[in-house]
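> Quick one: the structure is below, questions incoming.
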Amino acid sequence: MNELSSFVSDKKFYADKHFPYGISRSGEFNRQQAGLLEDHGQAYQALHSGDRSPVNDEEREFVAVCKGDKPAQTAHEIVWIRFCQKTQKKTFIPLSSGKPELELDIGIDDFSSFNDEL
């Protein structure tokens, strides 16, 4: 039985939203990784989102990596996980509850005597 090729895509992948000057110029990926993303990124994205069903074992393993069921091992898996990490929105959680512990009611006039002492 002739098994289908993995990660076939008829369009290049650019990710202009995250890398407006191109994936290869971003400095985030080496040449091989940038080439894999540009050549196969459309397939990676479709597999990751579920818009495309895996056609062979290599793609099924890729989907398992995307779901977090197994660690990335192949070049395809590693570069896609790296891409996802680089493009993921960063969420900052404040160390405090957001409400200051001590509220001061100081106006600009309260500093005038301080400036005179300098």
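Rule-based calculations on the coordinates, nothing more; no lab input. Just so it is clear, the structure is predicted and the values come from calculations on it, not from any experiment. Glycine also receives a Cβ, built like all others from the backbone with ideal geometry; neighbour counts cover every protein chain displayed.
> When the range 13-42 is examined, which residues are found to be touching a helix residue (DSSP H, G or I) at 6+ places or on another chain (Cβ under 8 Å), buried (at least 18 other Cβ atoms within 10 Å of the Cβ) and among the aliphatic types (A, V, I, L, M)?
Result: Ile23, Leu36, Leu37.
> Might you let me know whether the range 38-50 holds any residue that is over 16 Å from Lys86 (Cβ atoms), part of a loop (DSSP other than H, G, I, E, B) and in contact (Cβ under 8 Å) with a residue 24 or more places away in the chain?
Within the range 38-50 (the criterion being over 16 Å from Lys86 (Cβ atoms), part of a loop (DSSP other than H, G, I, E, B) and in contact (Cβ under 8 Å) with a residue 24 or more places away in the chain), the answer is no, since none of the residues qualifies.
> Can you tell me which residue within the range 51-73, out of those that are part of a helix (DSSP H, G or I) and hydrophobic (A, V, I, L, M, F, W, C), is surrounded by the fewest Cβ atoms within 10 Å (Cβ to Cβ)?
Initially, the range 51-73 is screened for residues part of a helix (DSSP H, G or I), giving 57-67.
With the extra rule that they be hydrophobic (A, V, I, L, M, F, W, C), the set shrinks to 62-66.
Values: Phe62: 25, Val63: 16, Ala64: 14, Val65: 20, Cys66: 19.
Among those that are part of a helix (DSSP H, G or I) and hydrophobic (A, V, I, L, M, F, W, C), it is Ala64.
> Let me ask you something else. Go through Arg60, Arg52 for me and flag whichever is out of contact with any helix residue (DSSP H, G or I) (no Cβ under 6 Å at 6 or more places or on another chain) and of a type in the set (D, E, K, R). Before you say what the answer is, go through the steps one by one.
Working: Arg52 fails: out of contact with any helix residue (DSSP H, G or I) (no Cβ under 6 Å at 6 or more places or on another chain).
None of the other options fit; the residue is Arg60.
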